[in-house]
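Read the structure below first, then the notes.
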Amino acid sequence: MKKRLFSCLLVLLLAFAFPINAMAASIPSAQEVIYFEDGSYITVTLSETQARASGTKSGNKTYRYYNSNDVELWRAVLTGTFTYTGSSATCTASSCNVTISNTAWYVVSKTASKSGNTAKASIVMGRKLLGVTIEKKSAELSLSCSANGTLS
């Protein structure tokens with residue numbers, strides 16, 4: 001009897017020691033890479049935030065810009081919120097946030113918009129050397145939701 005009780009307690013202890021988080025904050029998804037002639041590149045990562053209610057979904061597309069030495073210089077995150085019914089989807093909110101890792105870079109312009117089932121953002125980043133802009137990189141960000149709630 002004591003052995004069985006000890007076994008049950010051990011199983012419960014292990015279950016609570018290694019919890020499975022069924023409501024994780026985000027689920028990372030497919031990644032693509034966009035290469036530039038100078039060896040720099042942008043990685044694109046899609047992550048989906050758990051839906052708060054049936055028929056709604058939020059997600060992020062993160063664009064990370066790296067130089068040719070694989071050092072991240074800046075990142076832009078497009079966030080979109082959607083409603084979907086099974087026969088259509090609508091973007092209800094769109095925003096874009098830029099984080100700069102290398103102080104030579106700065107935001108030239110940044111706009112976020114929504115159209116139909118798509119959240120969009122357009123950014124232009126600049127790089128200065130001795131106070132003079134010597135380089136600009138543009139990125140068009142897009143996050144869509146299908147009628148059945150699949151983000152892409």
Proximal aspartates and glutamates relative to K61, as straight alpha-carbon distance under 12 Å, when same-chain residues fewer than 8 apart are discounted: E32, E48, E140
Positive dipole terminus of region 21-144, leading residue within V107, T92, Y66 (C-beta point charges): T92
Spin-label model distance (nm) - T56 vs V108, 7 Å beyond Cα toward Cβ: 3.7 nm
Share of alpha-carbon pairs per 10 Å distance bin for region 21-144, given as whole %: 13, 40, 30, 14, 4, 0
Extension reserve of the S88-A147 stretch, reckoned as 0.36 nm per residue once the Cα distance is removed: 20.8 nm
Cα centroid of region 43-83 to Cα centroid of region 99-124, whole Å: 12 Å
Charge dipole magnitude, Cβ of K and R +1, D and E -1 - region 21-144, Cα centre, debye nearest 20: 440 debye
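The numbers here are math on the coordinates, done by the rules we state, and not lab data. Everything numeric here is computed off the predicted structure, so don't read it as measured data. Methodologically, a virtual Cβ is constructed for each residue, glycine included, from the backbone with ideal geometry; neighbour enumeration extends over all protein chains shown.
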